1. Inspect segment 89-109 for any residue being closer than 30 Å to residue 199 by Cα, at pLDDT 90 or above and either over 48 Å from the mean Cα position of the chain (by Cα) or in a helix (DSSP H, G or I) (or both) and give the result as yes or no.
2. Among the residues in segment 311-320, are any surrounded by fewer than 18 Cβ atoms within 10 Å (Cβ to Cβ), among the polar types (S, T, N, Q) and under 30 Å from residue 252 (Cβ atoms)?
3. Give the residue that is modelled with the lowest pLDDT, with candidates limited to residues of segment 346-370 that are in a loop (DSSP other than H, G, I, E, B) and among the hydroxyl-bearing types (Ser, Thr, Tyr).
4. Run down 242, 260 and say which single residue is at pLDDT 85 or above and among the hydrophobic types (A, V, I, L, M, F, W, C).
5. Got at least one residue in segment 124-142 being closer than 27 Å to residue 201 by Cα, over 43 Å from the mean Cα position of the chain (by Cα) and either not assigned by TED's automatic domain parsing to the domain that holds residue 280 or not hydrophobic (A, V, I, L, M, F, W, C) (or both)?
6. How many residues, within segment 337-370, are under 15 Å from residue 34 (Cα atoms) and β-branched (Val, Ile, Thr)?
7. What tally of residues in segment 305-345 results from selecting those that are closer than 19 Å to residue 49 by Cβ, of a type outside the set (A, V, I, L, M) and in a strand (DSSP E or B)?
8. Sort out which residues of segment 125-150 are at negative phi, surrounded by fewer than 16 Cβ atoms within 10 Å (Cβ to Cβ) and of a type in the set (Gly, Ala, Ser), and write them in order of number.
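The values are calculated or read from the model by the stated rules, or taken from the named source; none is laboratory data. Because the structure is a prediction, the values reported are computed rather than measured. With ideal geometry, Cβ positions are generated from the backbone for all residues, glycine too; neighbour counts draw on all protein chains shown.
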Amino acid sequence: MSTFSKFLVNGALIFALSGFVSCVYAQATVAVPPVLLTLNAKQQASLGVRVAIAEPSTNGQLLASASVVTPPGKEFTVSAPYAGQVSRLLVGVGDSVKAGAALAQFTSPMLGDARRLLNEASLDYKNATAAARRDQAMFDEGIIPAVRLQLSLSKQEAAQAQWHAREAELSAAGMRFDATTGYATGTLKAPLSGTVLDAFAAVGQRVEAGAMLFKLADATQLQLDLQLSSDKAAQLQVGDEVSIASRNAKAHIIGVSRAVDATQSARARASVTSRGSLQAGEFVSVTVHTKAKPGTTKPDTQWLVPTRAVTQWRGKPWVFVANDAGFEARSVNVVSSADDVSLIDVALPTRSKVAITGIASLRALLQKDE
């Protein structure tokens, strides 16, 4: 191939590549235009379309999901101390109990055996104490040598240790014993004041040692366990305010862990300062009001909308904005999202309304126009 031919080929290739790059750059910079859907009020009603106002976002808002939990040490599980059966239930789910209150009567042959061993250990200690006192008196009178007294005192200490071990075993079982119940039956006690969240056993049911019988919690103070992406966790600081609009409650961040688990989620804890209608165990969407960094301002294009208002079309998130002619489909950028609320970035007039129901029907109209 001649030099002139090579020049022509290379020039054509460079021209083609430059044209391709220009085309790609032009496509990347062109914004997705809104799509108008003309619908009158009757058509909107037939499609089941309802709207909600897009609320302007304040500076530093971050959306997340959280579970309502009790603080560490305020939740307790009562388990079966031995293999046996629940002979009588004294409380039910939702009951409030005081520390030491009776929860259930529990019967087990092993419990009767433990009580027998405790009584035997108590008698052994009394006998050993009496023998030690007798030998002490005899030693003081010079009747026996010191080695015999030392042997009696050692037996007394060993008997005392055995007695305390048997007492600790029954004390760890969390039971008390009444004269009106059988020898192998004891009453399970509440370890703390609170509410019975769950009762896992029925009367007469046989359970293994360690089986969960009750779950109690002191719900006078609540916390939020927030699940976050790593980039959201990086924006949080201790002291940030948290609001739960759906429950009229407030909290503040007391701890942030930026280490992620197997699901690539980080966690944070918040102490509830205003409870509202929060209940332990429920899952809620929360808004964290993070502190803005110096020199940064929030864009005027960020809005809070119900999460169900955002739909996917052409691989992008869209919302349907109401106007006089019907709806205008607008491509948005989802800044943050939770189960109930999403923070979107899009230029909208103040007090704009977005569709929150009938989304599938509106999306079908978009696809029909393609």
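1. yes
2. No; the residues of segment 311-320 include none that is surrounded by fewer than 18 Cβ atoms within 10 Å (Cβ to Cβ), among the polar types (S, T, N, Q) and under 30 Å from residue 252 (Cβ atoms).
3. If we filter segment 346-370 for residues that are in a loop (DSSP other than H, G, I, E, B), which is where we start, we get 346-352, 358, 370.
When the remaining residues are screened for being among the hydroxyl-bearing types (Ser, Thr, Tyr), the result is 350, 352.
Values: 350: 87, 352: 91.
Across segment 346-370, the extreme among qualifying residues is 350.
4. Sole residue among the options that is at pLDDT 85 or above and among the hydrophobic types (A, V, I, L, M, F, W, C): 242.
5. Within segment 124-142 (the criterion being closer than 27 Å to residue 201 by Cα, over 43 Å from the mean Cα position of the chain (by Cα) and either not assigned by TED's automatic domain parsing to the domain that holds residue 280 or not hydrophobic (A, V, I, L, M, F, W, C) (or both)), the answer is no, since none of the residues qualifies.
6. The number of residues fulfilling the criteria is 2.
7. Within segment 305-345, residues that are closer than 19 Å to residue 49 by Cβ, of a type outside the set (A, V, I, L, M) and in a strand (DSSP E or B) number 12.
8. Passing the criteria: 130, 137, 146.
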